[in-house]
Each structure stands twice: as structure tokens, then as C-alpha cells.
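Quick notes on the structure that follows.
The values are calculated or read from the model by the stated rules, or taken from the named source; none is laboratory data. The structure displayed is predicted, hence computed values, not measured ones. Counting neighbours? That spans all protein chains shown, and the Cβs are built from the backbone with ideal geometry, glycine included.
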Amino acid sequence: MDALQDITEFVVTAKGTLDLLRSAWELLPTLHKHRNEVRQKLEKAENSLKESEAAAAKALGYKLCRCTFPPQIMLWKKAEGVNVCPECGNQAWDGIHISDEAIEAFRR
């Protein structure tokens, strides 16, 4: 589990670094000759980070939605008992889903 924790810490640190770099990029004058090159490299780094986040989430047991690439990390909605994609709204259940009505009918 230490490796997963290390990966998670790396992803968090990398995201913070990219946020700082994006802030610095926004301060560059719009006519700076390397502005577009810097923007493209930042976008590439952000996509790589998203791929790393998805890989870490999968290793930690999170569900992934393939509506985009890299995949979106699905979030658990306890009240509904489902995993929900924040991007497209797709839902995934863990294991077999049994409705409250079915459980109540079984109890009778």
C-alpha cells in the first residue's frame, strides 16, 4: 500500500506544480514569442497528470468512466448507492444492486 500512497502523493504534488506553472504562464505577455509553445507543453503535462490520476484511482479501487480520455474518476454517491461520473452523469453500481422495495418485500 506504500506504493499507492507514494503515487497519490506524487499526483497531488504534480498537480500543485502544474497549477503554479499555469499561473506563471498567464503572466507572460500575450505577444511573447514562446507563449504558444509554453501553453502546448502545459496542456501536455496536464493530460499526463490526468492519466496518472486515473491510474492511481483505478489502483485504489475507484470506478472509471470511459466517456473521455483519460477516463473520468467516478464518485460514490452514498444516498443513491451508486458511482457517478462527474463529466457525463453515467452511473455504475458496486456488485448487485437490490432496491429498497425488493429488500422490504423479502423481509415480509
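Checking THR30 against (1) without any contact (Cβ under 8 Å) to a residue 40 or more places away in the chain; (2) closer than 24 Å to GLN5 by Cβ: exactly one of these is not met. Which one?
Checking THR30 against (1) without any contact (Cβ under 8 Å) to a residue 40 or more places away in the chain; (2) closer than 24 Å to GLN5 by Cβ, the one that fails is (2).
Suppose we filter the stretch 27-47 for residues that are loosely packed, with under 13 Cβ neighbours inside 10 Å and either closer than 28 Å to ILE73 by Cα or in the same structural domain as GLU87 (by TED's automatic domain parsing) (or both); how many remain?
4
Kindly indicate whether TRP93 is more than 27 Å from THR17 (Cβ to Cβ) and either touching a helix residue (DSSP H, G or I) at 6+ places or on another chain (Cβ under 6 Å) or at pLDDT 85 or above (or both).
no
Take the conditions at pLDDT 85 or above, not in a helix (DSSP H, G or I) and not small (Gly, Ala, Ser) and apply them to THR30. Does it pass?
When the stated conditions are applied, THR30 does not pass them.
Give me the pairs: first residue in the stretch 47-61 and closer than 13 Å to GLN5 by Cα, second residue among the charged types (D, E, K, R), beta-carbon distance under 8 Å, and six or more apart or on different chains, which are they?
GLU53/LYS15
So which of LYS63, LYS50 is surrounded by 15 or more Cβ atoms within 10 Å (Cβ to Cβ) and touching a Pro at 6+ places or on another chain (Cβ under 7 Å)?
On inspection, the qualifying residue turns out to be LYS50.
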